[in-house]
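The values are calculated or read from the model by the stated rules, or taken from the named source; none is laboratory data. Everything numeric in this text was worked out from a predicted model, so none of it was measured. Methodologically, a virtual Cβ is constructed for each residue, glycine included, from the backbone with ideal geometry; neighbour enumeration extends over all protein chains shown.
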Amino acid sequence: MTVLIRGEGLSKNYGSKRALDNVSFEISKGAPVALVGPNGAGKTTLFSLLCGYILPSAGSLSVMGHKPGSAALFGKLTALPQDAQLDPRFSIAHQLNFYGQLQGLSNAVRNKETARVLELVGLAEVAKQRPDDLSHGMRKRVTIAQALIGTPEIVMLDEATAGLDPIHAREVRELVSTLSNEATFILSSHDLTELERLCSQVLHLDQGVLSEHQARSTSQDNKHYITLQLSQLYDGVETKLSSLPEVNHVYMSQSKEYVIEFEKGADPFDINLLHFCYQQGWHYRQLVNGHTLENQIFNKES
Amino acid sequence: MTQLHPKRLAQIAQFELVRLFLTKRGLLAVAAFAICWLLILRYPIAQSVSLISSPDFADFARQMFGAIGISKLLDWPESELAVYWLIALFSFPGFCLFLCSDQTVGDKQRGTLRFLSLRATRSEIIIGRFLGQLLILTVLLFVTLMATVSMLAYREPSLFVSGLSRSVVLLLHLVITVMPFIALMSFLNTFARSARLSFVLAILFFAAGNIIIGLLSWQWPIFEVLNYLFPGYQIDLMAGQRAGLMLGVGLPLLQTAVLLVVAERIFARSSL
């Protein structure tokens, strides 16, 4: 797989505070990559480094073989930076056209591109309006649109769905899912369920330290996992589940949610588990093949 | 300076023109400018013949601009251009500080530069914006100069050709004179937090700087050389057409180059 981004020993200090601590990672071309972590974990710092907005204190970073911010990446790497706003004095179309112009698109092409990307985010009708005439959510979608101009190979979206209503957040997710064959998306969000749906590789930052996870990790070290979410609390669930012959270990990851470690047998375990729930009179809400991303990141017992 | 693509530079500079002439705020600035210059054209320039020949004029000019030695100007048959030259030379640099106070700082605070910097290098952004502002001021200088030449031709049609050729030289000198002022604002924009602050810093730079250098050179005359750091140091001499090529053209060009290089270096390393 083609490696698009390679970071080695990256550190970033703000005065005495270390925002990123010796971070190394690789991002390959393909499915969207998630960047997760609590507030102040260093996500935006890493985003800013990748976009060339800031320089690292130590380490090296290469994006498609170039230094971040170099002219070779114009039009290839685009981004929705957190909290960045378009100029309120110009119409949306005027600004998107200008960005297309800087990316080297001809007059006719950039007009079409502006219309296309606004259509993608469902805002074709606001082209002639100014950013200040739009709601917060609409402005956010317009800034997502600017990241889709041309044919970018890497699209970085920092908190793309934050502040959007559920319908439009879903539309953005669908957009990312649809376009993920054309570009590699790097997404940061606090919504782990959202990232779990979209991404295969997860970069988890906490206090500037990076760890990697696979979304929907079904097995690790030859151990297999299923996450069962019940619709209500029942008595003795862990004990009863542990009595199943394939089950090695069960623990409650959070209220009404159980992580089951099992051994693969002749019969499919998930079918057996559903039968077992039915026999016990338990109503299940969700059955996840593997760990949820949330459990991988936050539950130490996993 | 690295990575300067002429096409992107031109596109960024052109966008600045649009910013002035197609936005509400820009149009207001143009309207205020036009009203001021209509008054200047209507009174001092339209009455330049009587003004220049007036015995009080030299005293008035001396009081206004100091002992600038304007005897050469009094000999110009194109008296409108002589008055224009004095007014433009002293007013455009100050106007320029105000007009160019928001080159990058507003976009930086808003985050708009983050969109731009993924499509243009930082050198292109800062130089492109500088060129854009220079283009705007050239347009404004050209328009006011042509209005003055028109008034001159209306008064005395035979002076039109000589007035036109003199106005080309004046335009070039004025453009070169305002360049370091624009570059100073490019530089101040790299670390100021707002356009207003960058304007205040520019005023402080000239006011406090002159006081400090005045005090230093009073004690140690060698510090007078620091005056060359200030854009417009040569204006007094230029007003009386007494500045040589090095002082009238070389100094502002050198100041512009130094300020732009420093601004570009700071901007290239600053966080967006």
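Details
Residue-wise test of (1) at pLDDT below 90; (2) part of a helix (DSSP H, G or I); (3) within 16 Å of residue B:146 (Cα to Cα).
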site: B:37; (1), (2), (3): no, yes, yes
site: B:40; (1), (2), (3): no, yes, yes
site: B:50; (1), (2), (3): yes, yes, no
site: B:59; (1), (2), (3): yes, yes, no
site: B:64; (1), (2), (3): yes, yes, no
site: B:67; (1), (2), (3): yes, no, no
site: B:72; (1), (2), (3): yes, yes, no
site: B:85; (1), (2), (3): no, yes, yes
site: B:91; (1), (2), (3): no, yes, no
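- Of the residues making up the range A:28-73, just one is part of a strand (DSSP E or B), within 14 Å of another protein chain (Cβ to nearest Cβ) and buried (at least 16 other Cβ atoms within 10 Å of the Cβ), namely A:63.
- Filtered by the rule that a residue be among the hydroxyl-bearing types (Ser, Thr, Tyr) and in contact with a strand residue (DSSP E or B) (Cβ under 9 Å, 6 or more places away or on another chain), the range A:255-274 gives a lone residue, A:258.
- Screening residue A:144 on (1) closer than 27 Å to residue A:65 by Cβ; (2) more than 11 Å from every other protein chain (Cβ to nearest Cβ); (3) in a loop (DSSP other than H, G, I, E, B) shows it passes everything except condition (3).
- Contacts under 8 angstrom Cβ, first residue in the range A:58-79 being within 22 Å of residue A:43 (Cβ to Cβ), partner outside any loop (DSSP other than H, G, I, E, B) and among the aromatic types (Phe, Trp, Tyr), 6 or more apart: A:79/A:47
- Selection of the range A:75-111 for residues being more than 8 Å from chain B (Cβ to nearest Cβ) and in a strand (DSSP E or B) yields only A:80.
- Of all residues in the range B:175-199 being polar (S, T, N, Q) and either surrounded by 22 or more Cβ atoms within 10 Å (Cβ to Cβ) or within 29 Å of residue B:85 (Cα to Cα) (or both), the one that is farthest from the chain's Cα centre (by Cα): B:190
- Residues that are of a type in the set (D, E, K, R) and surrounded by fewer than 18 Cβ atoms within 10 Å (Cβ to Cβ) within the range B:220-272 comprise B:224, B:236, B:242, B:265, B:269, listed in sequence order.
- The residue that is modelled with the highest pLDDT, among those in the range A:149-202 that are in contact with a Leu (Cβ under 6 Å, 6 or more places away or on another chain) and part of a loop (DSSP other than H, G, I, E, B), is A:160.
- Of all positions in the range B:16-26, at least one carries a residue that is at pLDDT 90 or above, closer than 24 Å to residue B:99 by Cα and within 14 Å of chain A (Cβ to nearest Cβ).
- Close contacts from the range A:258-272, counting a first residue that is within 22 Å of residue A:236 (Cβ to Cβ) and a second that is of a type in the set (Lys, Arg) and modelled with pLDDT under 90, with Cβ to Cβ under 8 Å and a gap of 6+ residues or different chains, come to A:261/A:223.
- Enumeration of residues in the range A:258-276 that are among the hydrophobic types (A, V, I, L, M, F, W, C) and within 13 Å of residue A:227 (Cβ to Cβ): A:259, A:260, A:262, A:269, A:273
- Residues satisfying the stated conditions in the range A:105-160, i.e. of a type in the set (Gly, Ala, Ser), within 18 Å of residue A:182 (Cα to Cα) and surrounded by 22 or more Cβ atoms within 10 Å (Cβ to Cβ): A:145, A:147
- Comparison of B:109, B:103, B:133 shows that the only residue that is in a helix (DSSP H, G or I), surrounded by 24 or more Cβ atoms within 10 Å (Cβ to Cβ) and at negative phi is B:133.
- Any pair with Cβ under 9 angstrom, 6 or more apart, that starts in the range A:25-38 at a residue that is farther than 12 Å from residue A:209 by Cα and in contact (Cβ under 8 Å) with a residue 40 or more places away in the chain and ends at one that is assigned to a strand (DSSP E or B) and among the basic types (Lys, Arg): A:27/A:6
- Among the residues making up the range B:89-124, a single one is more than 26 Å from residue B:176 (Cβ to Cβ) and more than 10 Å from every other protein chain (Cβ to nearest Cβ): B:108.
- The set of residues in the range A:225-245 being free of Cβ contacts under 8 Å to residues at least 60 places away in the same chain, over 13 Å from residue A:284 (Cα atoms) and surrounded by 18 or more Cβ atoms within 10 Å (Cβ to Cβ) consists of A:241 alone.
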